[in-house]
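Below: the structure, in structure tokens.
The values are calculated or read from the model by the stated rules, or taken from the named source; none is laboratory data. Everything numeric in this text was worked out from a predicted model, so none of it was measured. Neighbour counts run over all protein chains shown; Cβ positions are idealised from the backbone, glycine included.
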Amino acid sequence: MSVEIEFVDVVKRFGSQTILDHVNVKFTGGQTTVIAGGSGQGKSVSIKLILGLMAPDSGHILIDGVDITKISKKELNEIRTRFGVLFQGVALLDSITVFDNVALPLRERLRLSEAEVKSRVEQALAQYDLQGQGGKFPAQLSGGMKKRVGLARAMMVEPLVVLFDEPTTGLDPQITKDIYKLFFETQRVYGFTSIIVSHDIPKVFNLADRVVVLGQGKMSVFEQPEDIQHSTDPHIIQFVQETMGQVYSSSYELA
Ligand SMILES: Nc1ncnc2c1ncn2[C@@H]1O[C@H](COP(=O)(O)OP(=O)(O)O)[C@@H](O)[C@H]1O
Ligand SMILES: [Mg+2]
């Protein structure tokens with residue numbers, strides 16, 4: 001069971017600014033697609049369109065063939081219950097513990113018993129290398145640990161679709177690589193449809209199934225991530241040169 005997401009001739013404008021200009025793209029079910037593009041190109045807007053938080057000016061957003069621009073709030077909420085979302089800057093609740101943060105969707109969305117909550121949260125903490133951290137507060141964690149808590153929490157609903165908007169902002173290249181590797185591994189285990197948004201292209205994106213570069217209102221699809229480096233499109237070449245720097249040229253190996 002994997003969910004396919006499709007943009008059909010999507011146009012999104014703000015005033016005179018055209019953010020998405022007749023975009024047609026399919027996010028294949030059960031795969032990880034990275035949407036990379038410069039700042040302000042419309043990456044977050046694209047995620048909001050998929051979540052139904054914004055509507056396109058024209059065109060259709062299909063989730064498993066259902067046009068979410070045409071359904072009721074109730075139907076949209078139904079679809080969203082199977083979405084795991086992790087936004088930039090995480091948004092862990094600072095006043096409650098790591099355990100309670102991870103437990104949140106189980107208590108609020110799934111309404112599980114406390115015994116079930118405890119067992120699921122402890123399993124998740126172990127899985128995301130957070131054993132013994134449940135009693136801490138977010139402020140007591142490193143940046144990388146906070147991201148893992150956010151990931152654990154997003155996974156608690158057993159999502160069919162996972163959307164990550166700039167999940168590694170503010171992390172150093174090594175932790176960025178570790179977090180992305182953890183995402184890709186998690187995706188392979190569960191097989192959900194995954195879309196990761198990023199303003200650059202770290203080398204670890206070679207582990208993604210596909211990369212889509214967003215710029216000038218268009219999405220260019222690369223079925224093999226390494227093909228980006230061979231593009232002859234001047235906008236893509238420029239983007240690659242500007243962003244593949246630090247992480248792409250570093251010497252670490254992808255184990
Ligand atoms: N609600 C909004 N109203 C007006 N303009 C917006 C709104 N949301 C985004 N924009 C504009 O759309 C463009 C794309 O935004 P965004 O998707 O957030 O970019 P990014 O690719 O950096 O995530 C930006 O120029 C932004 O200012
Ligand atoms: Mg953004």
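On the stretch given as the range 203-217, residues that are surrounded by 21 or more Cβ atoms within 10 Å (Cβ to Cβ) and more than 22 Å from GLU6 (Cα to Cα) total 1.
Scanning the range 1-48 for residues that are within 16 Å of ligand 1 (Cβ to nearest atom), part of a strand (DSSP E or B) and buried (at least 18 other Cβ atoms within 10 Å of the Cβ) yields PHE7, VAL10, LYS12, ILE19, LEU20, VAL23, VAL25, THR33, VAL34, ILE35, ALA36. For the condition more than 18 Å from ASP165 (Cβ to Cβ), assigned to a strand (DSSP E or B) and small (Gly, Ala, Ser), GLY59 qualifies. Determine the pairs where a residue that is within 17 Å of VAL102 (Cα to Cα), located within the range 154-170, has a partner that is aromatic (Phe, Trp, Tyr) with Cβ atoms under 6 Å apart, the partner being 6 or more residues away or on another chain. That search, which allows pairs on different chains as well, returns PRO159/PHE83; PRO159/PHE192; VAL162/PHE192.
Restricting the range 151-209 to residues that are acidic (Asp, Glu), within 16 Å of ligand 1 (Cβ to nearest atom) and outside any strand (DSSP E or B), which is modelled with the highest pLDDT?
First, pick out the residues of the range 151-209 that are acidic (Asp, Glu): 158, 165-166, 172, 178, 185, 200, 209.
After this cut, where a residue has to be within 16 Å of ligand 1 (Cβ to nearest atom) as well, the list is 165-166, 200.
Next, only the ones that are outside any strand (DSSP E or B) stay: 166, 200.
Details: GLU166: 87, ASP200: 84.
Across the range 151-209, the extreme among qualifying residues is GLU166.
Residues that are part of a helix (DSSP H, G or I), modelled with pLDDT of 85 or more, charged (D, E, K, R) and surrounded by 12 or more Cβ atoms within 10 Å (Cβ to Cβ): does the range 218-236 have at least one? Yes, the range 218-236 contains a residue that is part of a helix (DSSP H, G or I), modelled with pLDDT of 85 or more, charged (D, E, K, R) and surrounded by 12 or more Cβ atoms within 10 Å (Cβ to Cβ). Of the residues that make up the range 7-18, is at least one within 29 Å of VAL204 (Cα to Cα), β-branched (Val, Ile, Thr) and either within 13 Å of ligand 2 (Cβ to nearest atom) or in contact (Cβ under 8 Å) with a residue 60 or more places away in the chain (or both)? No, that holds for no residue.
Filter the range 49-62 down to residues that are away from ligand 2 (no atom under 16 Å from the Cβ), within 30 Å of VAL204 (Cβ to Cβ) and of a type in the set (A, V, I, L, M, F, W, C) and give me whichever is surrounded by the most Cβ atoms within 10 Å (Cβ to Cβ). Spell out the reasoning first.
Of all residues in the range 49-62, those away from ligand 2 (no atom under 16 Å from the Cβ) come to 52, 55-62.
Then drop every residue that is not within 30 Å of VAL204 (Cβ to Cβ), which leaves 52, 61-62.
Next, from what is left, pick out any that are of a type in the set (A, V, I, L, M, F, W, C): 61-62.
Working: ILE61: 22, LEU62: 15.
Among them, the one singled out is ILE61.
For the range 216-226, the count of residues that are within 16 Å of ligand 2 (Cβ to nearest atom) and either outside the structural domain of THR243 (by TED's automatic domain parsing) or within 20 Å of PHE239 (Cβ to Cβ) (or both) is nonzero.
Can you tell which of LEU104, LEU141, LEU151 is more than 17 Å from LEU171 (Cβ to Cβ), in contact (Cβ under 8 Å) with a residue 12 or more places away in the chain and crowded, with 16+ Cβ neighbours inside 10 Å? Testing whether each residue is more than 17 Å from LEU171 (Cβ to Cβ), in contact (Cβ under 8 Å) with a residue 12 or more places away in the chain and crowded, with 16+ Cβ neighbours inside 10 Å leaves just LEU104.
Taking the stated definitions as given, is GLY65 touching a residue at least 60 places away in the same chain (Cβ under 8 Å), away from ligand 2 (no atom under 16 Å from the Cβ) and on the phi > 0 side of the Ramachandran plot?
On the way: touching a residue at least 60 places away in the same chain (Cβ under 8 Å): yes; away from ligand 2 (no atom under 16 Å from the Cβ): yes; on the phi > 0 side of the Ramachandran plot: yes.
Yes.
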